[in-house]
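The values are calculated or read from the model by the stated rules, or taken from the named source; none is laboratory data. A quick note: this is a predicted structure, and the numbers were derived from the prediction, not measured. Quick reminder, even Gly has a Cβ in these numbers, built from the backbone with ideal geometry, and neighbours come from all protein chains shown. In case anyone asks, the SASA skips ligands and DNA or RNA and just uses the protein heavy atoms, side chains included. Shrake-Rupley method; radii C 1.70, N 1.55, O 1.52, S 1.80 Å.
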Amino acid sequence: MIILDKYKRNLASASDEEFLITQIWNLKHIFFNELAAIKNTQLECLAFSENFAESFKFNHMMLGKKLPTENKADQEIVLTELEIINSKLPNDSIYQFKHQAGVQTYIMRKRPLINLQTGNCVGILILGGKLDPTTRRRMIRKYFMGKNIE
């Protein structure tokens, strides 16, 4: 990111824990209205937005704990997140979760949180969004193909 000099901050003294705390406060104030969460490198949930909690039936009792791995899909999520931590590379995945109203598809963008001062990956930022292919198809037809669709 290109930043105006007066807004650059010297983080030379930022420990990994201080960096992680800053990221959690960014989540609280910037991503408050998103499906967003932060996990540490042990894959414990450190913070999540209210929208994330509502969508995935999370509560404050899950803070500081790893999510249960009850099935193969949960185990694959853990493997993916460990790979993000080890490789320090982002990952975009599509998941389906069962809700009372049926199955909902989500795109989950997982980004490593890397303290640039130490070079350490200190956790994962998870940003999610509902994925509805029919809505996207209608938008494409309406805006790119000139179709007038309700």
TODO: Would you please give the residues with an amide H less than 5 Å from that of ALA47, counting only those at least 5 places away or on a separate chain, with H modeled from the backbone geometry?
DONE: ILE38
- [ ] Sort the stretch 11-55 into rounded, prolate or oblate with this rule: let a ≥ b ≥ c be the square roots of the eigenvalues of the Cα gyration tensor; rounded if a/c is under 1.5, and if a/c is not under 1.5, prolate when a/b is larger than b/c, oblate otherwise.
- [x] oblate
TODO: Whenever you get a sec, compute what percent of the accessible area on the chain sits on carbon and sulfur atoms (1.4 Å probe).
DONE: 54 percent
Open item on the list: List the GluC sites (Glu not before Pro) within the stretch 8-98 that DSSP assigns to loop and that have no more than 10 neighbouring Cβ atoms inside 10 Å.
Closed with: GLU70
Open item on the list: With +1 on the Cβ of every Lys and Arg and -1 on the Cβ of every Asp and Glu, and nothing else charged, how large is the dipole of the stretch 1-124 about its Cα centre, in debye rounded to the nearest 20?
Closed with: 180 debye
Task: Cross-link table LYS66/LYS88; LYS28/LYS57; LYS8/LYS57, entries beyond 26 Å C-alpha to C-alpha - done: LYS8/LYS57
TODO: For a quick protection proxy, order the peptides 98-106, 35-43 by their average other-Cβ count within 10 Å, most packed first.
DONE: 35-43, 98-106
TODO: Work out, step by step, the length gained on full extension between THR118 and TYR143: first 0.36 nm times the residue separation, then minus their alpha carbon distance; give nm to one decimal.
DONE: 4.4 nm
Task: Two-site FRET efficiency, ALA73 against ASN51, from Cβ-Cβ distance with R₀ of 22 Å, rounded to 0.05 - done: 0.50
Open item on the list: Counting C-alpha atoms alone, how compact is the stretch 40-122: give Rg to one decimal and Dmax as a whole number, in angstrom.
Closed with: 13.7, 46
Task: Percent antiparallel among DSSP beta bridges (both partners in the chain, rounded to 5) - done: 95 percent
Open item on the list: Between ASP92 and LYS28, how high is the FRET efficiency from 1/(1 + (r/R0)^6) when r is the Cβ-Cβ distance and R₀ = 22 Å? Nearest 0.05.
Closed with: 0.40
Task: Length gained when the stretch ILE3-LYS65 is fully extended (0.36 nm per residue, less Cα-Cα span) - done: 18.7 nm
TODO: Excluding residues on the same chain fewer than 8 positions from LYS130, give the aspartates and glutamates whose Cα lies under 14 Å from its Cα.
DONE: GLU34, GLU54, ASP92
TODO: With a 1.4 Å probe and every protein chain left in place, work out the accessible area per residue of the chain in Å², rounded to a whole number.
DONE: 72 Å²
